[in-house]
Amino acid sequence: MSAHISNDTPALRHDWRREELLALFDLPLPELLHRAASVHRRHFDPAEVQVSTLLSVKTGGCPEDCAYCPQAQRYDTGVNAQKLMSTEQVLAKAQQAKAAGASRFCMGAAWRSPKDRDIPKVAEMIREVKALGLETCATLGMLSSEHAHALKDAGLDYYNHNLDTAPEFYGDIIHTREYQDRLDTLGHVRDAGMKTCCGGIVGMGESREQRAGLLQALANLPAHPDSVPINRLVQVAGTPLHGTAELDPFEFVRTIAVARIAMPKSMVRLSAGREGMSDELQALCFLAGANSIFYGEKLLTTGNPDTGRDQALFARLGLRPMAVQVENSHDHHRTDAPGSGTVHADITASAPLRGRAA
Ligand code: SF4
């Protein structure tokens, strides 16, 4: 379907101004969708959706205080802390994910940052998962330069670390680390030669200007994230954000569309919060340029659409999963990208999505 994809495209921009992004948000929805869909077609086949599976390899007990997160140990959310899974357990889940049609397998650990002793264990998981022919992604918290290089050496393709929200709203959500800490981790990931997966969460009580601010921060990074997970807050009882006013679904669609326009070549992922979306809302998001989802029945403590519903939706919309593009260490000419969201997911037995996923 490469007929949709043109090489005659404007250069990627890293100088987006807040007013420009707000002006896009302010467009009539049909005009905004048209612009976003046009950008989408220049770079991607709009019938293809990249499918990732996320597994929580270490759940709960996190010392951080992210106000949306049920894994923070300081909030009483009913999440039981679990130790790091064994490589064998992870491998079994990865095999299951591959059989279900996932092209990328993301491993998430609820850490502030990994300790030195954790790195060899995670590196072993990465090597084993990669040997299955899956792309690998990890989200382990803040990374030092040394740890980033060690994970890269183990074969890690992508690292997820979200900016979460606009710089000026960040202090309302997290107090245990700074925005700059996040930027530093992303710099270490890029410097180590890995691809970045970086997005945020909307519906946390931020303003439209702050949603534009998140997208501005993402688009003006030194390199656009290869993947941009846009999470819609899943309100979990016991977290400080439980009870926040719900975001208008059309505002979520607008956020997806502006992300697509600002970061034309990135994979824009529907992540947490998809279970609460109607099929029609998800379809609007695909029209707005979303081209990646998490696939699986459970996003850690919060639900994800069951696999049967996803299969039916793909069939009704004529979508198919994007094939995995396995990269060797000397091939830097890929066009697709990474995976993960803010919450960590678990998978259960699931039937394969139809299509040509590896
Ligand atoms: S989002 Fe990550 S860092 Fe923040 S509390 Fe949850 S697990 Fe910890």
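Throughout, read-outs are computed from the coordinates displayed, never taken from laboratory work. All of these numbers come straight from a predicted model, not from anything done at the bench. We place every Cβ from the backbone using ideal geometry, glycine too, and count neighbours over all the protein chains shown.
If I take all pairs of Cα atoms in region 48-133, what percentage of them are more than 21 Å from each other?
On the way: 1363 of 3655 pairs.
Everything past 21 Å amounts to 37 percent.
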Pull up the cross-link candidates among the lysines for Lys115, meaning alpha carbon to alpha carbon under 17 Å and not fewer than 8 places away within one chain. Lys58, Lys83, Lys152
7 Å from Cα along Cα→Cβ at both Arg18 and Ala81: what's the point-to-point distance in nm? 3.8 nm
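With +1 on each Lys and Arg Cβ and -1 on each Asp and Glu Cβ, and nothing else charged, work out how big the dipole of region 57-154 is about its Cα centre, in Debye to the nearest 20.
Details: 13 positive and 11 negative charges, 34 e Å.
Once rounded to the nearest 20, the dipole reads 160 debye.
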Would you mind working out the magnitude of the charge dipole of region 94-144 relative to its Cα centre, with +1 at each Lys and Arg C-beta and -1 at each Asp and Glu C-beta, to the nearest 20 Debye? 60 debye
If you place +1 on the Cβ of every Lys and Arg, -1 on the Cβ of every Asp and Glu, and leave all else neutral, what size is the dipole of region 1-104 about its Cα centre, to the nearest 20 Debye? 380 debye
